[in-house]
1. Find the accessible area per residue for the range 22-99; the probe is 1.4 Å, ligands and nucleic acids are left out, and the unit is Å².
2. Output the direction-averaged projected area (hull surface divided by four) of the convex hull of the alpha-carbon atoms of the chain, in nm².
3. Any idea what diffusion coefficient the range 49-99 gets from Stokes-Einstein, in µm²/s, Kirkwood Rh on alpha carbon pairs, 10 °C, 1.306 mPa s?
4. Carbon and sulfur together cover what percent of the accessible area of the chain at a 1.4 Å probe radius?
5. What is the magnitude of the charge dipole of the chain about its Cα centre, with +1 placed on the Cβ of each Lys and Arg, -1 on the Cβ of each Asp and Glu, and no other charges, expressed in debye to the nearest 20?
6. In the chain, what trypsin sites (Lys or Arg not before Pro) fall in a loop by DSSP, with at most 13 other Cβ atoms inside 10 Å?
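The values are calculated or read from the model by the stated rules, or taken from the named source; none is laboratory data. Owing to the predicted nature of the structure, the values given are computational and were not obtained by experimental measurement. Neighbour counts run over all protein chains shown; Cβ positions are idealised from the backbone, glycine included. The protein model used for the area step is the full one, side chains on, heavy atoms only, and it has no ligands, DNA or RNA in it. Shrake-Rupley method; radii C 1.70, N 1.55, O 1.52, S 1.80 Å.
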Amino acid sequence: MQADYPARFERDMGCTEVEFLHWLPGATHRRAQLLGPGCARVEIDAGHLELRWRELPARQIALMRLPRLWVGFEFDGVDDPARHAFMRHFDLYTQRGGG
């Protein structure tokens, strides 16, 4: 998780588009969404979040290949506390790890 989430940022996520779309409803608290090819609009209170994504070449480490997805986030009309709360849940929901 980040300490601050600006209104517009991008990140490289370690997943496929299929995985990302599978996670999206839960990661957004099942908020209203409009989906298009490589994009989604998520309603958040009086504002919204525009998501855009595209698959990147896999990252290869020795014989292991990791999928990568570039994701752009652009919030409009969402204040700082609401944006932080939304992204905190989004990050926790999409976080993957072992143990």
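1. On the way: 4870 Å² over 78 residues.
Per-residue value: 62 Å².
2. Details: hull surface 27.9 nm².
Hull-based average projected area comes out at 7.0 nm².
3. Numbers: Rh = 13.3 Å.
The calculation lands on 119 µm²/s.
4. Numbers: 3310 of 6280 Å².
The C+S portion of the solvent-accessible surface of the chain is 53 percent.
5. Numbers: 13 positive and 14 negative charges, 85 e Å.
Dipole magnitude for the chain comes out near 400 debye.
6. On the way: sites: Arg8, Arg11, Arg30, Arg31, Arg41, Arg52, Arg54, Arg59, Arg65, Arg68, Arg83, Arg88, Arg96; in loops: Arg30, Arg31, Arg96.
Loop-located and lightly packed - Arg30, Arg96.
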